[in-house]
Amino acid sequence: MSDGVGAGWPSSNQRAATTLRRRKRAIGWASVLATAVASSLATAAPSPTAGDAAVAHPALWPKAASPSAFTDTATEARITALMARMSVEEKVGQTIQADINSITPDDLRHYPLGALLAGGNSAPHDDNRAPADDWLKLIRAFRAAAMEPRPGHIPIPILFGIDAVHGHNKIKGATLFPHNVGLGAARDPELIEEIGRATAEEVSATGADWTFAPTAAVPRDVRWGRSYEGYAEEPEVVASYAGPMTLGLQGRLVPGQPLAPGHVMGTIKHFLGDGGTAGGVDQGDARIDEQTLVRVHAQGYPPAIDSGVLAVMASFSGWNGVKDTANESLLTGVLKGRMGFKGFVVGDWNAHGQVAGCTTTDCPQALNAGLDMYMAPDSWKDLYVHTLAEVRAGVIPMARLDDAVRRILRVKIKTGLFDGPSPAAGRFGRLGSPEHRAVARRAVRESLVLLKNNGAVLPIKASANVLVAGDGADDIGEQSGGWTLNWQGVGNKNTDFPHGQSIWSGIDEAVEAGGGHAELSVGGTYAHKPDVAVVVFGETPYAEFQGDIDTLEFSPADNHDLALLKHLKAEGLPVVAVFLSGRPLWANPQINASDAFVAAWLPGTEGGGLADVLIGTAAGAPRHDFRGRLSFSWPARADRSPGHPDEPGYAPQFAYGYGLSYAHPAKIGLLSEDPGQRSANLNLERFFVEGHAPAPWSLIATGAATVRAIDAGAQENARLATWSGQGAGALAVTGGPADLRRQTNGDMALLMRYRVSTPPTAIARLSIACGPDCGGALDVTALLARKPGPAEADGWRTSKIKLSCFQSAGADMSKVSSPFSLSTTGILSVTISDLRLVPNEGDAECPGDQAAR
């Protein structure tokens, strides 16, 4: 039992343990297999040494096999005949995938590439809200160019991939399902297959034929920014979902026939161990033994392969110092050998560039290790040239190239690309259809986990007077999380979801139907005292490494949500907290300040699913009970992982499998509000916020510059910097070194909110420094001198400058000592209120000419 757990916890913990035992019996395949593999490894595996710690022993891994329907005789003969006519240039082209933002249809007339993708922020006309018809037209334009008859050219259709990871999430109007972290709590494989089927119908309607899903990651450290892409911290849930999701997306494979219309090819990812990296660092290294890699991280792959998954994506991450993208023992020995996988292996976004000895434009090591298709979004052209030269020189054996091409063509035939346009393309009525929305709403209901319900505050009578508050109450974008319309899921408005419903709207609808009254007030104000308050709050959207954190504490630098809960509680109101998050976080103060606390995860576009469970009948009887059970252990401290079931020292606040319900209530006492030791790395991307430079940063003025605190809407929340013109001066953030390479590669930008009182009288430079003689400077004279626009009547401006601009100007982003330095020899006066790193939503720039450092 964890510190600070109050009355009722032992019985709830026992119930969680019972649930865990039942789940393990229900999903016997994974448990039995894991036990057998562990036993085999314990008796047969040699002791690893520094030289073989990243070498897998295939005989010790679980067996699987792609269905025979995938490799029927007629298909293989067709491939052999086609390959006999292909040139080496055409074969190499099949192994490369480019992103639509870096290629045109005309390019395909000169480079015979095998596949395209629309990555995180890529869209027709750079418009993330482009209508479905624009997507279909774009895909058809590329396909038409690839299939044009030309002398010496064999027309081979291209694959078109997209990240449809919680529905067809890049398309406006699509149905967005709960992210996987919520679906894991549902423990419902049948539901997962229905979600896969609905997603496939919506993807195929826009002309795409390939989704980069399902995810088989088993996140073991939820500080990882991709934790919400995993179903659970234990392999049993992942193993039970991988097969059904594959069947939902693809349907069952039939010999000699392509996928049925309305189905798309799936990609199980990321092979292997992406959820086990040290410290939960995205794209990091899993420093674990082979037994753990097999027992924990490999269990989702056999059921997906047995179900016929057509592609596997290699992980960005590595295993004991060797990147998976070029680990031959894993890709060839285990995946293609022991597991009998007959589809193709694709890399992640320029992941081959992280392989030792490789660059993004040159990496024969990956293909030789067993990668079949490079994902080379913007590096495709030079990669094609180098790969072709290496095949001709024998660096890449022709047999290896032929094997990769055979696998790719096999998938293209099974996908139906050689049979002409899909009859499902253009069926836009399937996007956000009532049937799909009903599945999503059911998924929301089943994913909710009730952590606390003291005083039986829930369910709320539909006849009550209900206040709905909090930043997430009426924000479909926040409740949907990352990978929503754009990569990070930021900048979205409710109008971007024409078929969606916010949590507030769902509650309002349910209460009105029961004769009650609901009022929306984000800040928690009200004219007439309500009977109960529902406060919706949580994490702001993020994706991949931009969601990596150093502490399990929810919002350590901003307590306005907690203040709102305490305020409403002090008003004498029963308070229901609805927590939106992509992972379990230490939120003990928020739980203590609430009478009821619901982990809603990232529910997607069907906010009404929460009202189905939270709002009862007019008399207060439940309409739906809570079914969700934690698929991730809830932390008892902010500075310490709770561990995992069956591990020594397992000490969660709420155990794996825990979840209250109306049928099985329990009272929760006060929880400890001691977060433990706070990390100094919390503010790596926040340089000056709310009137101060958070540790480890400092904001200083040097030389002919001075700085002082002033009020800008709040007490001393800004700094006025003044340059006298009597020599060089600078306003700088210091306190590094910090490694900002991942932020730079992820296209993040430096946000600066400022107001110019006196424009510069000499050249002004904005720099990122990496040492006394190291840095990159940009000329921002024009930026600071321009007049405010119509929307800047108060003089305040916001500029976003790409980190890559500073890198191009000479900054070494691996050792940043100063992430912001504004300097000039002239006169200048500027007030700064905000300095931090943010995602580039297509609105970041590179101002001025790059100046010599």
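Report note on the peptides 522-534, 452-464: ranked by the mean count of other C-beta atoms within 10 Å, highest first, their order is 452-464, 522-534. For the residue pairs LYS323/LYS815; LYS172/LYS529; LYS336/LYS414, alpha carbon separations beyond 29 Å are given by LYS172/LYS529.
Out of every Cα-Cα pair in the stretch 616-734, what percent are more than 20 Å apart? For the stretch 616-734, the share of Cα pairs beyond 20 Å comes to 68 percent.
A Förster radius of 35 Å combined with the Cβ-Cβ distance from GLU845 to ARG678 puts the calculated FRET efficiency at roughly 0.50.
With all projection directions averaged, the alpha carbon convex hull of the chain covers 35.8 nm². Ranked by the mean number of other Cβ atoms within 10 Å of their residues, highest first, the peptides 508-521, 662-675, 206-219 come out as 206-219, 508-521, 662-675. Note on VAL88/ARG686: beta-carbon distance plugged into 1/(1 + (r/R0)^6) with R0 of 56 Å gives a FRET efficiency of 0.65. When the helices in the chain are scored as -39500 (n - 2.57) per DSSP H run of 4 or longer and the sum is shared across all residues, what 222 nm value do you end up with, to the nearest 500 deg cm²/dmol? Mean residue ellipticity at 222 nm (helix-derived): -8000 deg cm²/dmol. The alpha carbons of the stretch 702-853 occupy a box of 35, 35, 30 Å along the principal axes, longest dimension given first.
Accessible surface of the stretch 237-321, 1.4 Å probe: 48 percent of it comes from carbon and sulfur atoms. Shown is the FRET efficiency for ARG140 and ARG392, computed with R0 = 45 Å from the Cβ-Cβ distance and rounded to the nearest 0.05: 0.85.
Hydrodynamic radius of the stretch 196-252 by the Kirkwood approach over all distinct alpha-carbon pairs: 12.4 Å.
Per residue, the chain exposes 35 Å² of accessible surface when a 1.4 Å probe is rolled over the protein heavy atoms with every protein chain present.
Take every pair of alpha-carbon atoms less than 8 Å apart whose residues are at least six positions apart; their mean separation over the length of the chain yields a relative contact order of 13 percent. With kT/(6 pi eta Rh) evaluated at 37 °C and eta = 0.692 mPa s, and Rh the Kirkwood radius from Cα pairs, the stretch 66-181 diffuses with a coefficient of 203 µm²/s according to Stokes-Einstein. Panel note: the C-alpha atoms of the stretch 228-348, placed on their principal axes, show extents of 43, 28, 23 Å (largest first). Normalising the Debye intensity of the stretch 236-302 to I(0), with uniform scatterers on Cα atoms only, and taking log10 at q = 0.13, 0.18, 0.19, 0.23 Å⁻¹ returns -0.49, -0.75, -0.80, -0.97. Using alpha carbons only, the radius of gyration of the stretch 429-555 set against its Kirkwood radius gives Rg/Rh = 0.99. Compactness ratio for the stretch 154-200: Cα radius of gyration over 2.2 N^0.38 Å (N = residue count) comes to 1.45.
The values are calculated or read from the model by the stated rules, or taken from the named source; none is laboratory data. Just so we're clear, the structure is a prediction, and the values are computed from it rather than from any experiment. Note: ideal-geometry Cβ built from the backbone for every residue, glycine included; neighbour counts use all protein chains shown. Accessible surface is based on the protein model in full, side chains and every heavy atom, while ligands, DNA and RNA are left aside. Shrake-Rupley method; radii C 1.70, N 1.55, O 1.52, S 1.80 Å.
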